[in-house]
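Chemist: Take this structure, written in structure tokens, and hold onto it; I'll ask about it next.
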Amino acid sequence: MLRCTKCGRTYPETFRLRCDCGGTLLVEREHYDFSGNLLPYFDMRRYLGFLPIGGTYLPPPVPAITPTVSLQLGPIFGLFKLDYLQPGGSFKDRGSFVTVAKLIEEGIDEIVLDSSGNAALSMAIHSLPAGIRVHVFLPAEVVPQKLSLLIRLGTVLHFVDGDRMEAHRRAREFAEREGLAYASHWLNPYFIEGTKTIAFEAYEQADIPDYVLAPTGSGTLLLGLWKGFRELEKMGEIPELPRLIAVQASGYESLCERSNERNDLADGIAIPEPPRLEEMKRALEETNGFCVSVTTPETEEAWDWLMGAGFLVESTSAVVLAALWRLMETGEIPDGSKVLLPLTGSGLKLT
């Protein structure tokens with residue numbers, strides 16, 4: 001069922017984004033046995049027993065089980081989760097896969113979303129073979145290479161003279177006016193069901209980290225990690241949750257204090273007014289976590305290091321390493337800690 005995070009009202013598992021009270025929704029199910037419900041696949045179908053979709057409505061391509069690479073970062077044990085290796089080049093393939101499967105179940109063949117690039121590309125890649133028409137509202141400044149890919153994937157593009165938040169407002173207005181399904185990952189509970197599988201994979205590959213750093217704009221990755229580790233805890237698979245750290249871009253913070261200096265390299269998380277803000281705060285509170293924001297120079301230094309280490313990622317991915325370096329210096333992450341660092345987007349889309 002779907003449960004409202006604001007008033008607690010429940011709904012059937014249809015494609016619905018908000019409660020009648022205006023609150024956001026999360027999928028709520030009871031799972032009792034983790035290892036006993038794993039399926040013999042080497043991709044995301046391994047976790048179908050924990051997802052609110054049926055096995056007969058699965059769109060290609062199926063997201064991969066991505067590697068977790070262990071590196072010693074001075075006194076810290078780093079676990080780099082290589083989700084930029086997904087078919088669409090970002091972790092968002094996980095959420096798009098579950099979302100499109102749900103759309104197919106309900107016979108929805110035309111949707112609207114807003115995106116700065118990665119979410120639109122991911123939804124387009126999964127919607128195209130499913131015969132779903134995708135309208136994308138884009139802010140004024142979009143990476144040209146991503147725009148070219150969206151055109152090749154047959155999306156209907158709507159350019160907005162404004163920032164990411166304006167694109168969000170315009171997309172919702174268009175969907176309501178045209179009577180189309182609005183499928184933005186910001187509000188979509190099924191998208192979070194997809195991103196929670198990162199927690200499942202990381203646990204199977206490297207056990208429980210002490211800390212998890214997540215690039216955080218709209219919060220779909222942070223909330224997916226929180227939900228995935230919570231479900232593992234409820235099933236008795238892990239004794240406690242790792243501490244979640246929301247990494248934000250300076251100048252666009254929603255959880256940290258807003259800075260006057262804008263991070264121009266972290267466009268993927270340049271979302272100052274996320275609709276799931278209260279849930280994000282709850283995730284940090286429940287895990288004894290906190291937020292940290294990083295600047296353009298910090299992001300650039302970390303990006304250069306990652307590229308030099310062989311991780312071909314886009315710049316937003318680098319914020320987690322930039323944050324880790326800062327927290328190591330301040331002692332907020334102590335020596336000997338095991339830290340999960342999701343690398344979220346491919347640098348190949350920038351070439």
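The values are calculated or read from the model by the stated rules, or taken from the named source; none is laboratory data. Computed from a predicted structure; not experimentally measured. Please note: Cβ atoms are built from the backbone with ideal geometry, for glycine as well, and neighbour counts cover all protein chains shown. What goes into the accessible areas is simple: the full protein's heavy atoms, side chains included, and nothing from ligands, DNA or RNA. Shrake-Rupley method; radii C 1.70, N 1.55, O 1.52, S 1.80 Å.
Chemist: Taking H as built 1.01 Å from N, whose amide H comes closer than 5 Å to the amide H of Thr344, not counting residues under 5 places away?
Modeler: Hits under the 5 Å cutoff: Ser317.
Chemist: In addition: Counting pairwise Cα distances across the stretch 110-238, what percent come out greater than 20 angstrom? Intermediate results must be reported in sequence, preceding the final value.
Modeler: Numbers: 4171 of 8256 pairs.
Roughly 51 percent, rounded to a whole number.
Chemist: Take every Cα pair under 8 Å in the stretch 89-219 that's 6+ residues apart, average their separations, divide by the length, and report that relative contact order as a whole percent. Could you put the intermediate results ahead of the total?
Modeler: Details: 188 pairs, mean separation 39.0, N = 131.
Computed value for the stretch 89-219: 30 percent relative contact order.
Chemist: About its Cα centre, how strong a charge dipole does the stretch 232-351 have in debye, to the nearest 20, once Lys and Arg get +1 and Asp and Glu get -1 at the Cβ?
Modeler: Details: 10 positive and 21 negative charges, 50 e Å.
Approximately 240 debye in magnitude.
Chemist: Just tell me which aspartates and glutamates come within less than 14 Å, Cα to Cα, of Lys338; anything on the same chain fewer than 8 places away is out.
Modeler: Cross-link targets: Asp207, Asp210.
Chemist: If you average the C-alpha positions of the stretch 135-150 and of the stretch 55-108 separately, how far apart do those two centres end up, in angstrom?
Modeler: 21 Å
Chemist: Could you compute the FRET efficiency for Thr56 and Phe290, with r as their C-beta to C-beta distance and R0 at 51 Å, rounded to 0.05? Don't skip to the answer; put the middle values down first.
Modeler: Numbers: r = 43 Å, r/R0 = 0.84.
Rounded to the nearest 0.05, the efficiency is 0.75.
Chemist: Accessible area per residue for the chain in Å², computed with a 1.4 Å probe and the full protein assembly in place, what is it? The partial results should precede the final answer.
Modeler: Numbers: 13670 Å² over 351 residues.
Normalised by residue count, the accessible surface of the chain is 39 Å².
Chemist: Still on this structure: Taking the square root of 5 times each eigenvalue of the Cα gyration tensor, what semi-axes in Å does the equivalent ellipsoid of the chain have, largest first? Each step should come with its number before you reach the end.
Modeler: Details: eigenvalues 156, 118, 76 Å².
In descending order, the three semi-axes are 28, 24, 20 Å.
Chemist: On a 1.4 Å probe surface of the protein chains, which of Tyr32, Tyr182 comes out largest in accessible area, and what is the full order?
Modeler: Details: Tyr32 170, Tyr182 25 Å².
Greatest to least solvent exposure: Tyr32, Tyr182.
Chemist: Turning to a different aspect of this structure: Identify, among Ala302, Ser115, Val156, the residue whose Cα sits farthest towards the positive end of the charge dipole of the chain, taking +1 on the Cβ of Lys and Arg and -1 on the Cβ of Asp and Glu, with the dipole about the Cα centre.
Modeler: Going by the charge dipole, the pick is Val156.
Chemist: Something else: Which sequence of Arg18, Arg230, Arg177 reflects their accessible areas, 1.4 Å probe, from the largest down?
Modeler: Values: Arg18 70, Arg230 45, Arg177 160 Å².
From most exposed to least exposed: Arg177, Arg18, Arg230.
Chemist: Sticking with this structure for a sec: Would you mind calculating the gained length between Asp20 and Glu329 on full extension (0.36 nm times residue separation, minus the Cα-Cα distance), in nm to one decimal? Intermediate values should be presented prior to the final figure.
Modeler: Values: separation 309, 0.36 × 309 = 111.24 nm, distance 4.62 nm.
Separation in residues times 0.36 nm, less the Cα-Cα distance, equals 106.6 nm.
Chemist: Once the Cβ-Cβ distance between Phe174 and Asp43 is put in as r, and R0 is 25 Å, what FRET efficiency do you end up with, to the nearest 0.05?
Modeler: Working: r = 34 Å, r/R0 = 1.36.
According to the calculation, E is roughly 0.15.
Chemist: Leaving ligands, DNA and RNA out of it, report the carbon-plus-sulfur percent of the accessible area of the chain at a 1.4 Å probe. Don't skip to the end; give the middle numbers.
Modeler: Working: 6570 of 13670 Å².
On the chain, the fraction of accessible area on carbon and sulfur atoms equals 48 percent.
Chemist: Roughly how many Å² of Ser254 are accessible to a 1.4 Å probe, to the nearest 10?
Modeler: 20 Å²
Chemist: What is the distance in Å between the Cα centres of the stretch 204-245 and the stretch 310-351?
Modeler: 16 Å
Chemist: How high is the relative contact order of the chain, given as a whole-number percent (alpha carbon pairs under 8 Å, six or more residues apart)?
Modeler: On the way: 750 pairs, mean separation 61.2, N = 351.
This gives 17 percent for the chain.
Chemist: Mind checking which lysines have their Cα closer than 30 Å to the Cα of Lys146? Skip sequence neighbours fewer than 8 apart in that chain.
Modeler: Lys81, Lys92, Lys102, Lys196, Lys227, Lys349
Chemist: Hey, with R₀ at 25 Å, roughly what FRET efficiency would Glu278 and Glu106 work out to, going by the Cβ-Cβ distance, to 0.05?
Modeler: Efficiency at R0 = 25 Å is approximately 0.35.
Chemist: Cβ neighbours within 10 Å, averaged per peptide: list 260-270, 152-162, 81-91, 323-333 in order, most packed at the top. Before the final figure, lay out each step's value.
Modeler: Numbers: 260-270: 20.4, 152-162: 14.4, 81-91: 24.4, 323-333: 17.2.
Going by the mean number of other Cβ atoms within 10 Å, highest first, we get 81-91, 260-270, 323-333, 152-162.
Chemist: For a label point 7 angstrom out from the Cα of Arg29 toward its Cβ, which stretches of the stretch 160-190 have the backbone nitrogen within less than 18 Å?
Modeler: 188-190
Chemist: Still on this model: Rounded to the nearest 10 Å², what accessible area does Met165 show when all protein chains are kept and the probe is 1.4 Å?
Modeler: Looks like 10 Å² after rounding.
Chemist: Moving on to the next point. Ordering Lys338, Lys281 by accessible area with a probe of 1.4 Å, largest first, what comes out? Walk me through the numbers before you get to the answer.
Modeler: Details: Lys338 45, Lys281 90 Å².
Highest to lowest solvent-accessible surface, that is Lys281, Lys338.
Chemist: Under a point spin-label approximation (7 Å from Cα along Cα-to-Cβ), what is the Glu233-Arg258 distance to one decimal in nm?
Modeler: 3.1 nm
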